[in-house]
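> Here it is, the structure in full.
Any read-out appearing in this document is the output of simple, stated calculations on the displayed coordinates, not a laboratory observation. Bear in mind that the values here come from a model prediction, so they are computed numbers and not experimental data. Cβ coordinates were reconstructed from backbone atoms using ideal geometry, including for glycine residues, and neighbour counts include every protein chain displayed.
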Amino acid sequence: MSATVITYDSGMVRWEPNARGRLEQAAFELYVERGFEQTTVAEIALRAGLTERTFFRHFADKREVLFAAAAGLEEFFVTALAGAPETATPIDAVAVALDAVGALMQEHSGTIRQRAAIIAANAELQERELIKLASLSSALAEALRRRGVTDPAASLTAEAGVAVFRIAFGRWISDADQRDLQYFMRESLAELKAVTAAGAAAPAAPR
């Protein structure tokens, strides 16, 4: 009985180490050099030393290179909130999540700052970023409901948490002293608490 010989077409199997990371790096470089709108998928693939087919195995389109990590960040946010002590108030549970997210993002500050600059230069990308933040708010509200927080408190707290995140992030990006994102998360949350506390203590306006 003769042995079966298995042959492989070199065009069928191709090892592409860290293809996703190479494509992301190439895309970011080109978006900075040429602008997002002027960059094509073909150029990204060429810069990465890969094919367009490989690009589309990892990303739906060239926008998704910038937003592919959003789902993971949302999941991390929700998991951190769920891990807050059971005795924590809704806003303090959000504070735990903000602190954890701040530490995570600080570790990747170079890439995140570059991404922010690319998005800031394009209105379409800014709109997509807002959609992702709205999704994050919904996910946080649902996580709070699972902790027993009812509406409208769950939705209001989630919206407040996203507002703190967005404002702290903007301050961090533009900070000349390069302080940690956690610093701005904590400071912005403290400002929110101070404002709401002052509002609750203020006497009612005369009618």
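> Kindly indicate the residue of the stretch 136-152 that is of a type in the set (D, E, K, R) and not in a helix (DSSP H, G or I) and also surrounded by the most Cβ atoms within 10 Å (Cβ to Cβ) among those meeting that condition. Show your work before the answer.
Our first condition is that a residue be of a type in the set (D, E, K, R); within the stretch 136-152, this holds for 142, 145-147, 151.
Next, from what is left, pick out any that are not in a helix (DSSP H, G or I): 147, 151.
Working: Arg147: 14, Asp151: 11.
My answer is Arg147.
> Please go through the stretch 106-123 and pick out each residue that is in a helix (DSSP H, G or I) and touching a residue at least 40 places away in the same chain (Cβ under 8 Å). Don't jump to the end; show me each part of the working.
Keep residues of the stretch 106-123 that are in a helix (DSSP H, G or I), which gives 106-107, 109-120, 123.
The answer is Gln106, Ser109, Thr111, Arg113, Gln114, Arg115, Ala116, Ala117, Ile118, Ile119.
> Restricting to the stretch 121-135, give me the number of residues that are among the acidic types (Asp, Glu) and surrounded by 17 or more Cβ atoms within 10 Å (Cβ to Cβ). Lay out the reasoning, then the answer.
The first filter runs over the stretch 121-135 and keeps only residues among the acidic types (Asp, Glu), leaving 124, 127, 129.
Subsequent filtering for residues that are surrounded by 17 or more Cβ atoms within 10 Å (Cβ to Cβ) retains 129.
Total meeting the criteria: 1.
> So Ser188 passes all but one of these: (1) of a type in the set (Ser, Thr, Tyr); (2) surrounded by fewer than 14 Cβ atoms within 10 Å (Cβ to Cβ); (3) more than 27 Å from Glu24 (Cβ to Cβ). Which condition number does it fail?
It fails just one condition, (2).
> For the stretch 48-95, name all the residues that are acidic (Asp, Glu) and outside any helix (DSSP H, G or I). Steps first, answer last, please.
Applying the first criterion (acidic (Asp, Glu)) to the stretch 48-95 yields 52, 61, 64, 74-75, 86, 92.
Asp61, Glu86, listed by residue number.
> Just wondering, is there one or more residues in the stretch 153-166 that are surrounded by fewer than 17 Cβ atoms within 10 Å (Cβ to Cβ), in contact (Cβ under 8 Å) with a residue 40 or more places away in the chain, within 16 Å of Asp92 (Cα to Cα) and touching a helix residue (DSSP H, G or I) at 6+ places or on another chain (Cβ under 8 Å)?
Yes, the stretch 153-166 has at least one match.
> A further question follows. Glu37 is checked against (1) closer than 19 Å to Ile118 by Cα; (2) among the charged types (D, E, K, R); (3) free of Cβ contacts under 8 Å to residues at least 24 places away in the same chain and fails just one. What number does that condition carry?
With (1) closer than 19 Å to Ile118 by Cα; (2) among the charged types (D, E, K, R); (3) free of Cβ contacts under 8 Å to residues at least 24 places away in the same chain applied to Glu37, the lone miss is (3).
> Looking at this structure, is Val101 at negative phi and surrounded by fewer than 19 Cβ atoms within 10 Å (Cβ to Cβ)?
On the way: at negative phi: yes; surrounded by fewer than 19 Cβ atoms within 10 Å (Cβ to Cβ): no.
Considered against the rule, which asks whether it is at negative phi and surrounded by fewer than 19 Cβ atoms within 10 Å (Cβ to Cβ), Val101 comes out as no.
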